[in-house]
Every structure is written in C-alpha cells, then in structure tokens.
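Since the structure comes first, as structure tokens, the remarks are kept for the end.
The values are calculated or read from the model by the stated rules, or taken from the named source; none is laboratory data. Computed from a predicted model, the values in this text were never measured in an experiment. Every residue, glycine as well, gets a Cβ built from its backbone with ideal geometry; the counts of neighbours run over all protein chains shown.
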Amino acid sequence: MSIDKVFVVGAGLMGSGIAQASAQSGIEVILNDVNQEAVDKGLKNIEWSVGKFIEKGKLFETKVKAGQLGRKTGRGWYNYDDNGTRKGN
C-alpha cells in the first residue's frame, strides 16, 4: 500500500512539521486549520524550515523548485465529501 495524499488537521508546529515531512517525501498534502490565517502561518513556517534546510545544504533549491515537496493547499473550516469537494457554505 502506498500513500499518495495526506490531510493534516491543524497547521501549528506539529501539523506543519507533519505536512513538511510528508511533502518532502513526495506526498500531496492538504493542510487544514480553523481559518485561512492559521493555514497561511503554517505554510510560512514550512517555507522558513525549508529555507533552513537549503542554507545547511541538506535540501537543494532545485529540488524544491522542481516540485519535489509536493503540493500544499490551505483550506478553511468547511465540510468536504470523500472526493475533497467542498459541501455547503
């Protein structure tokens, strides 16, 4: 069994870390929190962390630009069906 996509609930320190580790493994990541501000802050933390890895030579910028960190998408607090389609307001 392989994991192609993860849905991370909570974009705080632990959630953004899980999202980053998953994305660096090539897994598509959907990062979720109670509002878009929280998701944006989590994504900013991931960008900072990736920058540190690049500075230390542990991750190469070309790999990041080539999309090897997967896709990180922010969603607010909404209901979604099993296919990821937003339901309701």
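Cβ-Cβ distance below 9 Å, separation of 6 or more or different chains: which pairs start in the stretch 37-62 with a residue that is over 15 Å from Ala21 (Cβ atoms) and end on one that is aliphatic (A, V, I, L, M) and not in a helix (DSSP H, G or I)?
Close Cβ pairs (under 9 Å, with a partner that is aliphatic (A, V, I, L, M) and not in a helix (DSSP H, G or I)) amount to Ala38/Ala11; Val39/Ala11; Val39/Leu31; Asp40/Ala11; Lys41/Ala11.
Give the stretch 59-72 a look and list any residue that's exposed (fewer than 15 other Cβ atoms within 10 Å of the Cβ) and either modelled with pLDDT of 85 or more or outside any loop (DSSP other than H, G, I, E, B) (or both), or say none.
Passing the criteria: Glu61, Thr62, Lys63, Lys65.
For the stretch 1-24, enumerate the residues that are without any contact (Cβ under 8 Å) to a residue 40 or more places away in the chain and part of a loop (DSSP other than H, G, I, E, B).
Passing the criteria: Met1, Ser2, Ile3, Asp4, Gly10, Gly12.
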